[in-house]
Amino acid sequence: MSIQTEREIESPVHPNPGIVGIDLGVARFATLSDGTAIAPGRFFPRHEARLKRLQRALSRKKKGSRNREKVRKKLARLHRNMADARNDFLHKVSTTICKSHAVVVVEDLNVKGMSASAAGTVETPGRNVRQKSGLNRSLLDQGWSAFLRMLEYKADGSGGRVVRIPPQYTSQTCAVCGHVSPENRTTQALFRCVSCGHAENADLNAARNILTQVS
């Protein structure tokens with residue numbers, strides 16, 4: 001026997017009315033518009049040497065042998081441990097942010113497109129393939145897509161919300177005077193406005209721009 005009931009549940013009200021903008025990056029995992037900087041987990045670099053060693057060992061073992069199966073299991077266990085550590089890091093960061101802010105503003109990033117291979121084709125080979133490959137590893141190591149999904153469902157469950165805004169020009173716009181120019185950011189770390197002279201960390205400037213796009 002089953003009994004079905006219906007009742008109205010009030011939507012949760014977030015206890016903290018704060019709003020924050022977040023800029024995601026590689027040198028810093030996330031920079032908040034209030035000045036908070038979160039260092040990256042660096043899950044791949046910490047285990048890169050062991051990964052390469054196990055991958056070389058696997059390639060040298062005879063297919064179907066017991067020794068190859070042992071190495072394969074070690075490699076799979078290492079990948080699993082890296083994934084678990086990344087998920088733990090992302091959960092902790094997203095929970096902290098969602099508890100402290102009712103509205104979280106982020107860029108609507110196309111992570112799949114950003115991490116696409118630069119190898120190109122035989123007819124049109126890509127440029128700076130090695131550098132782009134390294135950047136792709138760093139992007140995927142950060143777990144941005146999973147982090148944004150966590151932010152959204154955790155914010156929704158606590159009465160908050162996540163707002164995604166277009167990412168264009170957030171890194172080239174001065175958060176003080178609004179001047180837009182590629183020359184404002186000639187290095188990865190420093191933003192210096194060529195119009196008003198405002199200078200600060202480039203990621204923080206971008207986070208402040210992200211915040212201002214939501215009224």
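The values are calculated or read from the model by the stated rules, or taken from the named source; none is laboratory data. As the structure is a computational prediction, the values presented were derived from the model and not from experiment. Cβ: placed from backbone, ideal geometry, glycine included. Neighbour counts: every protein chain shown.
Can we say residue 49 is under 28 Å from the mean Cα position of the chain (by Cα) and in a helix (DSSP H, G or I)? Yes: the conditions hold for residue 49. Condition test on residue 199, is it of a type outside the set (Ser, Thr, Tyr) and surrounded by 14 or more Cβ atoms within 10 Å (Cβ to Cβ)? When the stated conditions are applied, residue 199 passes them.
Take the conditions modelled with pLDDT of 95 or more and among the aliphatic types (A, V, I, L, M) and apply them to residue 20. Does it pass? Yes: the conditions hold for residue 20. Answer yes if at least one residue in region 43-60 is within 30 Å of residue 157 (Cβ to Cβ) and either surrounded by 14 or more Cβ atoms within 10 Å (Cβ to Cβ) or out of contact with any helix residue (DSSP H, G or I) (no Cβ under 7 Å at 6 or more places or on another chain) (or both), and no otherwise. Scanning region 43-60, I find at least one residue that is within 30 Å of residue 157 (Cβ to Cβ) and either surrounded by 14 or more Cβ atoms within 10 Å (Cβ to Cβ) or out of contact with any helix residue (DSSP H, G or I) (no Cβ under 7 Å at 6 or more places or on another chain) (or both), so the answer is yes.
The sole residue among 87, 67 that is over 30 Å from residue 209 (Cβ atoms) and surrounded by 12 or more Cβ atoms within 10 Å (Cβ to Cβ) is 67.
Do we have any residue at all in region 4-11 that's in a helix (DSSP H, G or I), more than 29 Å from the chain's Cα centre (by Cα) and over 22 Å from residue 153 (Cα atoms)? Checking region 4-11: not a single residue is in a helix (DSSP H, G or I), more than 29 Å from the chain's Cα centre (by Cα) and over 22 Å from residue 153 (Cα atoms). Annotation for region 18-33: no member residue is out of contact with any Gly (no Cβ under 8 Å at 6 or more places or on another chain) and without any contact (Cβ under 8 Å) to a residue 60 or more places away in the chain.
If you go through region 95-111 and keep only what is touching a residue at least 24 places away in the same chain (Cβ under 8 Å) and either within 16 Å of residue 144 (Cα to Cα) or of a type in the set (A, V, I, L, M, F, W, C) (or both), you end up with 95, 97, 98, 102, 103, 104, 105, 106, 107, 108, 109, 111. A residue that is farther than 23 Å from residue 111 by Cα and either over 29 Å from the mean Cα position of the chain (by Cα) or of a type in the set (Ser, Thr, Tyr) (or both) occurs nowhere in region 12-34. With respect to the stated conditions, residue 76 fails to be over 15 Å from the mean Cα position of the chain (by Cα) and buried (at least 16 other Cβ atoms within 10 Å of the Cβ). Here residue 92 clears all of (1) in contact with a helix residue (DSSP H, G or I) (Cβ under 8 Å, 6 or more places away or on another chain); (2) closer than 18 Å to residue 146 by Cβ; (3) among the basic types (Lys, Arg) except the condition numbered (1). Residues that are at pLDDT below 95 and part of a strand (DSSP E or B) within region 74-123 comprise just one, 120.
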